[in-house]
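Visitor: Got a structure here, written out as C-alpha cells. Questions coming.
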Ligand code: GMT
C-alpha cells in the first residue's frame, strides 16, 4: 500500500510567504516520488516556474460581477476544487493555511460526495492572529475538526492552537524543510555587488508586516554599524516598508541599506550574507532562519514562537526577548567580531539543517500521513495489535 501513487490537490497562497514556498516544494518533491500533483490556486505559485512531469496547475477564476463588494474567493475555490477532484479522481486535498482553504476543501468534498480526504497544514497567523478574531474563530474550529488530519509546522504552533481553540483534534508536528542542494553557491551574486571587502553583510527577508517588527531590524543594524563596518540587504515588500524607509532616512543610513524588493530566488542571496536578522513578534517557524542556516548564515532574532525549535541559541544563532534591540545588536556584534565564532555557528547550522530539516526526511513524513489517512482501518488494526 505504501507504494500506492496518490493523486493530490494542493492549495496555498501563491504569491508570497513561506507557506506558499513549503506547499510548492512539497508538491514538486511528491511528484518526483511518483505522485500526481494538482496545484489549485488563484495564480501559479511563485516558485513553480515550470510544470514538471506529474504536476498540473488549475487556476481559480474569481468573479468580478458588479453586485459583489467583496468577490467570494472561497466559493470560487471550492467550486474549482470540486471540479478538479471529479475530473482527475483526486484522493486528497492538502491545504496550506486554514482560511479559507480548509473551509473551501470541505465544501468541495460535500459537493463531489466521494471518499476525498482533506488535510490541513497550519502555518502561523491562520491561528495566532485569525483564530483570535471573533469573525473567524468558530469557522477555523469547525474546519479543523472536520479535516481528516491536521499538521502544524512547530510544537509551539500546536500549543497555540490548543490554547486558542481547545484540544479539539490531534495535531501532528511536521517541520518545514530545505533541500540542501538548493543552497550551493552558483555565483549569481557576489559580495562585491553589495559591500566593500572589509564590510560585513546583514540580511533581512520578510513580508514587512507589523508581526515582523521591521523597524527593529533597522535599529539593530544601526547599532551594529556603529561598531562594525557593514551593509544591510532588505528583501521583500509589505505594508511597513514606508516606515522602514523613513527610519533609514532619519538615521542617515541610506548608503548602508539596500532595498531589493521581492525576489523569487533568494537562495543565492543568503550565500553572500554573514548574518540574518529576524526580530519578529510572532513567527510560528521562521522558514527564512532555516534557509539561512542551511546556507551557513547564523540568525540573531527573537525568542518567540517556533524560532527556538529552528535556531539553537548559542549554537546556530542567538535569540533575545521580543523588542530587545540592544541585546540583539550586541549578539550580532559578538558573532561578527569574535574570532572563530561565526565559523562555528556556520558549521553547526549547516549540520543542523541537514540533520533535522532535510527535505527527503520531512516529505516522507507527509507521505506516511497521507497513507494513514487513506487507510484508517489499517491504522486502527495496527493500534489494536500494538495494544496487546
Ligand atoms: O502566517 C503567516 O503570516 C504567513 C505565513 C506564510 O505564508 O509565510 O507564515 C508562516 O508560515 C511560514 C511557513 O510555515 C513560517 O515559516 C512563518 O514563521 C509563519 N509566519 C508567522 O508565524 C508570522
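The values are calculated or read from the model by the stated rules, or taken from the named source; none is laboratory data. Keep in mind it's a predicted model, so treat the numbers as computed, not measured. For neighbour counting, all protein chains shown are included, and Cβ atoms are generated from backbone atoms with ideal geometry for every residue, glycine included.
Visitor: Given 319, 287, 278, which one is in contact with a strand residue (DSSP E or B) (Cβ under 7 Å, 6 or more places away or on another chain) and touching a residue at least 24 places away in the same chain (Cβ under 8 Å)?
Guide: 278
Visitor: Now for a separate question. Check off (1) more than 16 Å from the ligand (Cβ to nearest atom); (2) in a loop (DSSP other than H, G, I, E, B); (3) buried (at least 20 other Cβ atoms within 10 Å of the Cβ) for residue 253 and give me the number that stays unchecked.
Guide: (3)
Visitor: Okay, next question. Would you tally the residues in the range 92-128 being in a helix (DSSP H, G or I) and away from the ligand (no atom under 13 Å from the Cβ)?
Guide: Filtering the range 92-128 down to residues in a helix (DSSP H, G or I) leaves 101-112, 125-128.
Adding the requirement that they be away from the ligand (no atom under 13 Å from the Cβ) leaves 102-112.
Selection size over the range 92-128: 11.
Visitor: Just checking: which of the strands (runs of 3 or more DSSP E) contained wholly in the range 266-358 hold 3 or more residues that are buried (at least 22 other Cβ atoms within 10 Å of the Cβ) and within 16 Å of the ligand (Cβ to nearest atom)?
Guide: Working: elements: 275-278, 299-302, 317-320.
Passing ranges, in order: 275-278, 299-302.
Visitor: Still on this model: Which condition breaks for residue 66 when tested against (1) surrounded by fewer than 23 Cβ atoms within 10 Å (Cβ to Cβ); (2) at pLDDT 95 or above?
Guide: The number of the failed condition is (2).
Visitor: Which condition number in (1) more than 16 Å from the ligand (Cβ to nearest atom); (2) surrounded by fewer than 21 Cβ atoms within 10 Å (Cβ to Cβ); (3) without any contact (Cβ under 8 Å) to a residue 40 or more places away in the chain is the one that residue 82 fails?
Guide: Going through (1) more than 16 Å from the ligand (Cβ to nearest atom); (2) surrounded by fewer than 21 Cβ atoms within 10 Å (Cβ to Cβ); (3) without any contact (Cβ under 8 Å) to a residue 40 or more places away in the chain one by one, residue 82 breaks only (2).
Visitor: Kindly provide the set of residues from the range 97-120 that are surrounded by 24 or more Cβ atoms within 10 Å (Cβ to Cβ) and either free of Cβ contacts under 8 Å to residues at least 60 places away in the same chain or farther than 19 Å from residue 372 by Cβ (or both), ordered by number. Talk me through it step by step, then tell me what you get.
Guide: Looking only at the range 97-120, we keep the residues that are surrounded by 24 or more Cβ atoms within 10 Å (Cβ to Cβ), and these are 98, 101-102, 104-105, 108, 118, 120.
Those that are surrounded by 24 or more Cβ atoms within 10 Å (Cβ to Cβ) and either free of Cβ contacts under 8 Å to residues at least 60 places away in the same chain or farther than 19 Å from residue 372 by Cβ (or both): 98, 101, 102, 104, 108, 118, 120.
Visitor: Out of the residues in the range 169-198 that are closer than 26 Å to residue 251 by Cβ and buried (at least 16 other Cβ atoms within 10 Å of the Cβ), state the one that is farthest from the chain's Cα centre (by Cα).
Guide: Just the residues of the range 169-198 that are closer than 26 Å to residue 251 by Cβ, to begin with: 189, 191-198.
If we keep only those that are buried (at least 16 other Cβ atoms within 10 Å of the Cβ) as well, we get 189, 191, 194-195.
On the way: 189: 24, 191: 26, 194: 27, 195: 29 Å.
Looking at the filtered set, the residue picked out is 195.
Visitor: Scan the range 177-190 and tell me whether some residue there is at positive phi and in the same structural domain as residue 307 (by TED's automatic domain parsing).
Guide: Looking for residues that are at positive phi and in the same structural domain as residue 307 (by TED's automatic domain parsing), one finds at least one in the range 177-190, hence yes.
Visitor: Continuing with the same structure: Does the range 1-42 hold any residues that are in a loop (DSSP other than H, G, I, E, B), free of Cβ contacts under 8 Å to residues at least 40 places away in the same chain, touching a strand residue (DSSP E or B) at 6+ places or on another chain (Cβ under 8 Å) and within 15 Å of the ligand (Cβ to nearest atom), and which are they?
Guide: 14, 42 - these are the residues of the range 1-42 that are in a loop (DSSP other than H, G, I, E, B), free of Cβ contacts under 8 Å to residues at least 40 places away in the same chain, touching a strand residue (DSSP E or B) at 6+ places or on another chain (Cβ under 8 Å) and within 15 Å of the ligand (Cβ to nearest atom).
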